[in-house]
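Throughout, read-outs are computed from the coordinates displayed, never taken from laboratory work. No experiment lies behind these values; they were computed from the predicted model shown. Positions of Cβ are generated from backbone atoms using ideal geometry, with glycine treated the same way; all protein chains shown enter the neighbour counts.
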Amino acid sequence: MAYAGVAAEARVDVRSVPLVDLHAQYLSIKAEIDAAIADVIAKSAFIRGPHVEAFEEHFAGAIGAKHCVSCGNGTDALYIAMRALGLQAGDEVITSAHSWIATSETITQAGGKAVFCDTDRDTFTIDVERLAGLVTPRTVGIIPVHMCGQPADMDPILALAKRHGLWVIEDSAQAHLAKYKGRTIGTFGAAATFSFYPGKNLGAFGDAGAIVTNDAALARRMAVFARHGAMNKHDHEIEGINSRLDGLQAAVLDVKLAHLPAWTKIRQSIAAAYGRELASFAEVTTPSTAAGREHVYHLYMIRHDRRDALADHLKARGVHAGVHYPVALPFLRAYAHLGHKPEDFPNAFHNQSRILSLPMYPEMSGAQRAHVVDSIGDFCRRKPR
Ligand SMILES: Cc1ncc(COP(=O)(O)O)c(C=O)c1O
């Protein structure tokens, strides 16, 4: 399949490389997207309806899960899953120290207490060596994050959860179709949450999210909670919230879902090319993928000791890199009351000032990638041969 970003290489200004290019992606599938949106409008199927139902079924199928409960965004997905799992005030949930704040703020909002676990220095996923030491009699669950698109090390996490009777929610916001030991992430824990924020590997044209699970009773509780506590109009079983995927977003996502396997392969080949091309620069650490894990490169995160200077240098050359995330969760002002110190999370602290996400999107041309690599090359020493 020819994608417009690749075909239109000649038109693209290779000296300006965004972090992601949503417009290029839209152009590559414009006819399909426009037809899908027109169909929602023609049917006035704005809330629930056939497009939402179709997407839920197709997304569950893509993950290999029995149920998909769509919702407003990936943050709500976490909140809904925790409420449906019965989180009680004061319950502790262990999660990654280096993630987006949605992962931890939803624990607090669901009534629990977020307990941070350091990340592995090289994979940026939760450090399984430190997990057991954080379990207390109040711990009820673990939320590993499949960070950047690389699965967390699920086997030891699940073994620990089983030993202590804890649930596991996989925060899969960055990892659509990633695999752990050959199996697509999303069905390792009790539930897995996804974000379809526009820049994600599977992105809507606005906010959108979903939760998948193999547990029919849990799926029902989540759906009820997300829909004002009612599966049927005016029959409110409980008080819930309003968190719905709308028909327009579902239609867009359903079109894009069909392209996701091909886009994922392109991301992986761009990552492989970056890896080869950046290998000669002494000061750059390219991302490492642990054995048995298939990375889908939502983010291509390198490390450099002079990250900010490198980012400024790239920006001056039209290369827009990002930082995900510049302050690890325990060090945010929002968590200052917990009194955490850098030595409590040495890897997250080490990484937060060094990580840099390079442009990464399936429509990126070879010439654009070459410009990113050359621009990094201007800044870095080469390794002696
Ligand atoms: C790891 C992680 N969890 C949760 C979320 C929340 O998703 P959303 O922005 O759709 O609410 C994000 C989104 O950036 C994320 O990266």
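Overview of values
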item: From the options 366, 377, 318, 292, residue that is surrounded by fewer than 15 Cβ atoms within 10 Å (Cβ to Cβ), closer than 29 Å to residue 25 by Cβ and in contact (Cβ under 8 Å) with a residue 40 or more places away in the chain; result: 366
item: Positions within region 85-121 being in a strand (DSSP E or B) and in contact with a Pro (Cβ under 8 Å, 6 or more places away or on another chain), in sequence order; result: 95, 96, 116
item: Exclusive hit being within 30 Å of residue 33 (Cβ to Cβ), touching a residue at least 12 places away in the same chain (Cβ under 8 Å) and surrounded by fewer than 16 Cβ atoms within 10 Å (Cβ to Cβ), set 216, 273; result: 273
item: When residues of region 345-361 are limited to those that are touching a residue at least 60 places away in the same chain (Cβ under 8 Å) and among the small types (Gly, Ala, Ser), the one surrounded by the fewest Cβ atoms within 10 Å (Cβ to Cβ); result: 357
item: Index of the failed condition, residue 190 passing every other in (1) surrounded by fewer than 21 Cβ atoms within 10 Å (Cβ to Cβ); (2) without any contact (Cβ under 8 Å) to a residue 60 or more places away in the chain; result: (2)
item: Residue that is surrounded by the most Cβ atoms within 10 Å (Cβ to Cβ) [pool: residues in region 232-247 that are among the small types (Gly, Ala, Ser) and closer than 18 Å to residue 211 by Cβ]; result: 243
item: Selection count, region 60-83, where residues are farther than 14 Å from residue 141 by Cβ, in a helix (DSSP H, G or I) and away from the ligand (no atom under 13 Å from the Cβ); result: 4
item: Failed condition for residue 60, given (1) in contact with a Leu (Cβ under 9 Å, 6 or more places away or on another chain); (2) of a type in the set (Gly, Ala, Ser); (3) farther than 30 Å from residue 344 by Cα; result: (1)
item: Some residue of region 111-134 being more than 24 Å from residue 343 (Cβ to Cβ), away from the ligand (no atom under 14 Å from the Cβ) and crowded, with 19+ Cβ neighbours inside 10 Å; result: yes
item: Residues located in region 219-269, provided they are touching a residue at least 40 places away in the same chain (Cβ under 8 Å) and among the acidic types (Asp, Glu); result: 246, 254
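The rows are residues; the columns are (1) among the hydrophobic types (A, V, I, L, M, F, W, C); (2) in a helix (DSSP H, G or I); (3) within 16 Å of the ligand (Cβ to nearest atom).
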{"residue": "177", "(1), (2), (3)": "yes, no, yes"}
{"residue": "193", "(1), (2), (3)": "no, no, yes"}
{"residue": "201", "(1), (2), (3)": "no, no, yes"}
{"residue": "206", "(1), (2), (3)": "no, no, yes"}
{"residue": "217", "(1), (2), (3)": "yes, yes, no"}
{"residue": "222", "(1), (2), (3)": "yes, yes, yes"}
{"residue": "225", "(1), (2), (3)": "yes, yes, no"}
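The rows are residues; the columns are (1) among the β-branched types (Val, Ile, Thr); (2) within 16 Å of the ligand (Cβ to nearest atom); (3) under 28 Å from residue 127 (Cα atoms); (4) surrounded by fewer than 24 Cβ atoms within 10 Å (Cβ to Cβ).
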{"residue": "58", "(1), (2), (3), (4)": "no, no, no, yes"}
{"residue": "85", "(1), (2), (3), (4)": "no, no, yes, yes"}
{"residue": "89", "(1), (2), (3), (4)": "no, no, yes, yes"}
{"residue": "94", "(1), (2), (3), (4)": "yes, yes, yes, no"}
